[in-house]
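Chemist: This structure is in structure tokens; I'll ask about it shortly.
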Amino acid sequence: MSDVKDAAVHAVYSSPIPVVSATRYHDISCGHRVVGHGGKCVGLHGHNYRIHFTVTTPTTDALGMVVDFSVIKDRLCNWLEENWDHKMLLWENDPMAQLLLSPKTARHSVWTILEDSIVKVPFNPTAENIAKYLVEHLGPKMFHDLPNIRLAHVRVDETRKCSASYEVSQSSPVK
């Protein structure tokens with residue numbers, strides 16, 4: 001009986017789940033600050049981000065594609081353009097965000113510029129948290145109508161030398 005069980009376990013672990021992926025990147029410019037950082041990143045600053053989106057599926061379509069690259073552009077790259085490009089990402093719990101967007105500030109003429117330029121996000125905007133947010137929150141919204149396609153990996157390049165990634169496995173449940 002042990003040999004049968006061992007053979008079954010071996011079969012499961014020696015037969016990987018096939019995954020086919022397609023990756024497209026998009027460049028945006030935006031600012032942020034990292035609340036609690038002990039160095040320069042605690043101040044307002046910006047980056048020319050390159051964000052790499054990798055979508056996966058267990059099998060390709062009739063043409064042999066995961067999804068057309070234009071679908072990634074239309075759903076993910078355009079979302080970045082419309083929502084984060086040339087904006088300041090501030091954590092919703094950041095005292096600076098609360099100060100800049102306070103009703104007292106609203107009485108000043110800079111209010112319109114601030115209101116249109118600041119995006120309050122539900123996370124401290126590190127490259128790691130940006131990648132995680134895009135995978136866990138944006139991906140499921142953007143691909144809800146394509147059940148076999150998932151945003152499985154995002155790499156956020158803050159600079160040419162520094163990047164952070166977030167990835168979910170193919171077997172992880174989609175939120």
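Just so it is clear, none of the values below were taken in a lab; they were calculated from the coordinates. Model, not experiment: these values are computed from the prediction. All Cβ positions, glycine included, derive from the backbone under ideal geometry; neighbour counts span all protein chains shown.
Chemist: Taking 7 Å along the Cα-to-C-beta vector as the label spot, tell me the residue 45-residue 86 distance in nanometres, rounded to one decimal.
Modeler: Computed distance between label sites residue 45 and residue 86 equals 2.4 nm.
Chemist: A further question on this structure: Please give the FRET efficiency for residue 137 paired with residue 162, using the beta carbon to beta carbon distance and R0 = 35 Å, rounded to the nearest 0.05.
Modeler: 0.90
Chemist: Charges at C-beta only: +1 for Lys and Arg, -1 for Asp and Glu. How large is the resulting dipole of region 20-167 about its Cα centre, in Debye rounded to 20?
Modeler: Magnitude of the dipole: close to 440 debye.
Chemist: Any number yet on Rg/Rh for region 20-167, C-alpha, Kirkwood?
Modeler: Over the Cα atoms of region 20-167, Rg/Rh equals 1.04.
Chemist: Arrange the peptides 31-41, 61-71, 116-126 so that the one whose residues have, on average, the most other Cβ atoms within 10 Å appears first.
Modeler: The packing order, highest mean first, is 116-126, 31-41, 61-71.
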